[in-house]
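The values are calculated or read from the model by the stated rules, or taken from the named source; none is laboratory data. Everything quoted here is computed from the prediction, not taken from an experiment. A quick note on method: Cβ atoms are made from the backbone with ideal geometry, for glycine too, and the neighbour counts reach across all protein chains shown.
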Amino acid sequence: MRLRLLVLVCMAFSLAAADKATDRLVKEVRHELVMLPYYTVFDNLSYRVDGARVTLFGQVTKPTLKSDAENVVKRLEGVEKVDNEIEVLPLSSNDDRIRVAVLRAIRSKMPRYEMSVVDSIHIIVKNGNVTLVGFVDSEGDKNLIGITINGISGVFSVKNELVVQK
């Protein structure tokens, strides 16, 4: 009975240590990704941590950002494998024009979302289709941004994935 209790206590401690290590790794991965020098409002990076494996997701406008993201995560202590599923968006002057128009529209309608060190809204444009990801303060803000973007010339569709912060 005593041995069984000791085993259970050891298992609980090892699970707590594993959770702490995972929490640390999650924070470090996030920090490294948002600090990448060419990560902009027009890119979207996300990730999943499964033990010592990190999977990268999202969309970027520059191929170097995809490889830079993988390289900084690979160097983190505790990372054994990185699966890089980041999509590099196609080069398109029309998409570039739409990106700038969307950014200007958001800034003019809602200056409180003026982009800062870590942008709360990311604008992804692929072949005239806009996806908005990130965080806003209210459902009204989310809806107003979506309606505003839908009216921009050359925008074929708007996928509004903005999340209201509580």
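Yes/no matrix, rows are residues, columns are (1) over 14 Å from ASN44 (Cβ atoms); (2) part of a strand (DSSP E or B):
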site	(1), (2)
ASP119	no, no
VAL125	no, yes
VAL130	no, yes
PHE135	no, yes
GLY140	yes, no
ASN143	yes, no
ILE147	yes, no
GLY154	yes, no
GLU161	no, yes
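Taking the stated definitions as given, is VAL102 out of contact with any His (no Cβ under 6 Å at 6 or more places or on another chain), outside any strand (DSSP E or B) and aliphatic (A, V, I, L, M)? Don't jump to the end; show me each part of the working.
Values: out of contact with any His (no Cβ under 6 Å at 6 or more places or on another chain): yes; outside any strand (DSSP E or B): yes; aliphatic (A, V, I, L, M): yes.
In short, yes.
Checking the structure you have, find out if any residue of region 39-58 is assigned to a helix (DSSP H, G or I), at pLDDT below 95 and under 18 Å from the mean Cα position of the chain (by Cα). Break it down stepwise before answering.
First pass over region 39-58, keeping only residues assigned to a helix (DSSP H, G or I): none.
No.
Please go through region 73-99 and pick out each residue that is assigned to a helix (DSSP H, G or I) and of a type in the set (A, V, I, L, M). Break it down stepwise before answering.
Of all residues in region 73-99, those assigned to a helix (DSSP H, G or I) come to 73-74, 93-99.
If the condition is that a residue be assigned to a helix (DSSP H, G or I) and of a type in the set (A, V, I, L, M), then VAL73, ILE98 are the ones that fit.
Restricting to region 107-117, give me the number of residues that are assigned to a helix (DSSP H, G or I) and under 19 Å from the mean Cα position of the chain (by Cα). Spell out the reasoning first.
Residues of region 107-117 that are assigned to a helix (DSSP H, G or I), as a first pass: 107-109, 111-113.
Still in the running and under 19 Å from the mean Cα position of the chain (by Cα): 113.
Looking only at that region, the number is 1.
Inside region 47-63, can you point out the residues that are within 23 Å of ILE121 (Cα to Cα) and surrounded by fewer than 14 Cβ atoms within 10 Å (Cβ to Cβ)?
ARG48, PRO63 - these are the residues of region 47-63 that are within 23 Å of ILE121 (Cα to Cα) and surrounded by fewer than 14 Cβ atoms within 10 Å (Cβ to Cβ).
Just for region 41-100: of the residues that are in contact (Cβ under 8 Å) with a residue 60 or more places away in the chain and out of contact with any Leu (no Cβ under 7 Å at 6 or more places or on another chain), which one is farthest from GLY128 (Cα to Cα)?
Looking only at region 41-100, we keep the residues that are in contact (Cβ under 8 Å) with a residue 60 or more places away in the chain, and these are 41-44, 59, 94.
Next, from what is left, pick out any that are out of contact with any Leu (no Cβ under 7 Å at 6 or more places or on another chain): 42, 44, 94.
Numbers: PHE42: 13, ASN44: 17, ASN94: 7 Å.
Per the criteria, the residue is ASN44.
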